[in-house]
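Here the structure comes first, spelled out in structure tokens, and everything after it is commentary.
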Amino acid sequence: MTMTTADLQKLSPAELDQLYQRSPMGDIPNGEGKGTVLFLTSLPTGNICSGLVKLLAWQGKVFYRDQGFLLNRVSLFSIQMIKAKVDPGESWFTQGEATILDYSKTSFVAQKIRDEIREVSPGLYLGQTYWDTTRVLCFSLEF
């Protein structure tokens, strides 16, 4: 069954966790992914907050697979900035591999951030964001 970001937004945090755990790493994406923040809360305001975050700041990520990096799209003008190194690696969240988005050596602003993503449906990735070693939220990328 093909899933969309809207389907992910209907899932509880526990369901998102289970989906991530049973999903493969998938291919490292290439090109522009539309991003949506999926807060780790079951409050009904989650989708409202997600929309505000998207409108005011984070819009998604642009992957340059052959060059091994990505740039985040931020602000109302979709400016590409905040670079991360992209490589396969070991998931911090569960066993197995994930695509690791490492900002530690590429961004002063986001140097404590580490993301990891897995492909949960064709062209749809679910991601985990860590601040140091603490998971702070999950997000989706739709290509």
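Just so you know, all these numbers are worked out from the coordinates, no wet-lab data involved. As the structure is a prediction and not an experimental result, all values here were calculated from the model. With ideal geometry, Cβ positions are generated from the backbone for all residues, glycine too; neighbour counts draw on all protein chains shown.
Helical content alone sets the calculated 222 nm signal of the chain at -5000 deg cm²/dmol, taking -39,500 (n - 2.57) per DSSP H segment of four or more residues and averaging over every residue.
In a simple Cβ point-charge model (Lys, Arg +1; Asp, Glu -1; nothing else charged), region 5-142 has a dipole of about 420 debye relative to its Cα centre. Determine the sum of side-chain charges near M3: Lys and Arg each +1, Asp and Glu each -1, restricted to other residues whose C-beta is under 11 angstrom from that of M3. My count for the surroundings of M3 gives -2. Centre-to-centre separation between the Cα atoms of region 1-36 and those of region 73-132: 13 Å. My understanding is that a pair violates if its Cα-Cα distance is over 19 Å; which of K61/K85; K85/K112; K83/K105; K10/K61; K83/K112 do that in this structure? Long pairs (Cα-Cα over 19 Å): K10/K61.
For Rg and Dmax of the Cα atoms in Å, the value computed from the atomic coordinates appears in the list (i) 13.9, 40; (ii) 17.6, 69; (iii) 18.1, 54 under label (i).
Its Cα centre serving as origin, region 92-140 has a Cβ charge dipole (Lys and Arg +1, Asp and Glu -1) of approximately 140 debye. Amide H contacts under 5 Å for E32: F63, restricted to partners 5 or more places along the chain or on a different chain, H placed in the peptide plane at 1.01 Å from N.
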